[in-house]
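Contents: one structure, followed by commentary.
The values are calculated or read from the model by the stated rules, or taken from the named source; none is laboratory data. All values reported here derive from a predicted model rather than from experimental measurement. Here the Cβ is made from the backbone with ideal geometry for all residues, glycine too, and neighbour counts use every protein chain on show. Side chains are part of the model used for accessible areas, which takes the heavy atoms of the whole protein and leaves out ligands, DNA and RNA. Shrake-Rupley method; radii C 1.70, N 1.55, O 1.52, S 1.80 Å.
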Amino acid sequence: MCSSDLGTSTIAPILAEEGNLPAAYDDAANLLRRRPDASLSHYTMSYVLRYAGLLGEAGKECDAALAIDSGFWLFRSCATTYTLLGDYERARKYIALDENAGFGKALRMEVDIRTGDTRSALADSTAASQSGGVLYAEVVRACLGPSPRAELSKVESEVDADPRLQDPEGLYRYAVVLSYCGRPNAAINKLRAAIKRNYCSYPVMSIDPAFETIRHKPQFEELTQAGLQCQTKFLNYRKQ
């Protein structure tokens, strides 16, 4: 961690994961005003903006954080911003900050899914599963394995019971892998839950290649509008 970050403290990521975007933004903005020189200030703001669906702004804050502290493993999370933007080369640079960890391997798997690299998706999902703690990677491993029908149902039940799915970004990730694995109705339900918990997902959900299997569903337009409303509500709050 950069020395300029010593003493920085924020609960914004926790608030975002709890679905409280206004409080998360206030906390991140306050930190950024107090410590504009600290990499964690920019990273924290990027985290909140990503949940609000403002990926262009989030990417700029990620890059500002990395410019201050180029080797901090925590910034691997910014790979999600660039994966959603479709900038996979940039995403891989952030993944490289912690590529040997289970989450790093899962982030690599998410790029594989969107680029249609089935062989790498199986390898990376298996590696992430073996590292432990990344249950949504288990879904991909199961559906690409030799006995997908039997194993996928079992893994889905385990993931559904995971308390970490209260994080709306976790729900979005789960929707992605369910869509990829041919579970369109389950994917729709998880995406709806993510937006309801203020992971705005707009406009990226309309262009995310992971949702090709569900974009034609009549419920998808409803979810797109819900994502837009989520983001508009956040933008109106930020203007105050």
Please indicate, with yes or no, whether at least one residue in the stretch 214-222 is under 19 Å from the mean Cα position of the chain (by Cα), among the β-branched types (Val, Ile, Thr) and not in a helix (DSSP H, G or I).
-> yes
Run residue 117 past the list (1) of a type in the set (D, E, K, R); (2) open to solvent by 40 Å² or more (accessible area, probe 1.4 Å); (3) more than 15 Å from residue 141 (Cα to Cα) and report the number of the one that doesn't hold.
-> (3)
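Every residue, every condition in (1) open to solvent by 10 Å² or more (accessible area, probe 1.4 Å); (2) farther than 20 Å from residue 239 by Cα; (3) aromatic (Phe, Trp, Tyr); (4) touching a Phe, Trp or Tyr at 6+ places or on another chain (Cβ under 8 Å), yes or no:
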{"position": "34", "(1), (2), (3), (4)": "yes, no, no, no"}
{"position": "47", "(1), (2), (3), (4)": "yes, no, yes, no"}
{"position": "61", "(1), (2), (3), (4)": "yes, no, no, yes"}
{"position": "100", "(1), (2), (3), (4)": "yes, yes, no, no"}
Lone unmet requirement of (1) modelled with pLDDT of 95 or more; (2) farther than 19 Å from residue 211 by Cα; (3) open to solvent by less than 50 Å² (accessible area, probe 1.4 Å) for residue 159 = (1)
Give the residues of the stretch 205-240 that are among the basic types (Lys, Arg) and in contact with a Ser or Thr (Cβ under 8 Å, 6 or more places away or on another chain), sorted by residue number.
-> 215
Could you tell me which numbered condition residue 80 fails, if it satisfies all but one of (1) in contact (Cβ under 8 Å) with a residue 60 or more places away in the chain; (2) within 23 Å of residue 205 (Cα to Cα); (3) open to solvent by 20 Å² or more (accessible area, probe 1.4 Å)?
-> (3)
